[in-house]
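Trainee: Mind having a look at this structure? Questions to follow.
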Amino acid sequence: WSVEDILGEGEEQDRVPLERLQLLGESEELRDLLLNPHLRQLLLTVDQAEDKSSLMKKYMQEPLFVEFADCCLRIVEPPEKENIIPE
């Protein structure tokens, strides 16, 4: 499959550059989270689910899954450096 198979024309803003995705593989924090067997089972279940959308809504209530999602987002979309006083 390709990115074009997944994203429609109106979803282009949801695309994450390949360089950012590669950062996920370099993250020690993410690697440590993925050692958790419960999280691995949650991810496997989502991957194999027919209705991924409703399952994702359910799993976003699970603290471990939210921690995983937040970690991924911090890596691909680092927080803006707002309100930081320069030295």
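Trainee: Kindly establish whether GLU26 is outside any helix (DSSP H, G or I), among the charged types (D, E, K, R) and either open to solvent by 40 Å² or more (accessible area, probe 1.4 Å) or without any contact (Cβ under 8 Å) to a residue 12 or more places away in the chain (or both). Explain how you work it out, then say what you get.
Mentor: Values: outside any helix (DSSP H, G or I): yes; among the charged types (D, E, K, R): yes; either open to solvent by 40 Å² or more (accessible area, probe 1.4 Å) or without any contact (Cβ under 8 Å) to a residue 12 or more places away in the chain (or both): yes.
Criteria met by GLU26.
Trainee: Of the conditions (1) in a helix (DSSP H, G or I); (2) out of contact with any His (no Cβ under 8 Å at 6 or more places or on another chain), LEU64 fails just one. Which one is it?
Mentor: (2)
The values are calculated or read from the model by the stated rules, or taken from the named source; none is laboratory data. This is a predicted model, so every value here is computed, not measured. All Cβ positions, even for glycine, are placed from backbone atoms using ideal geometry, and neighbour counts span all protein chains on display. Note: areas computed on protein heavy atoms with side chains; ligands, DNA, RNA excluded. Shrake-Rupley method; radii C 1.70, N 1.55, O 1.52, S 1.80 Å.
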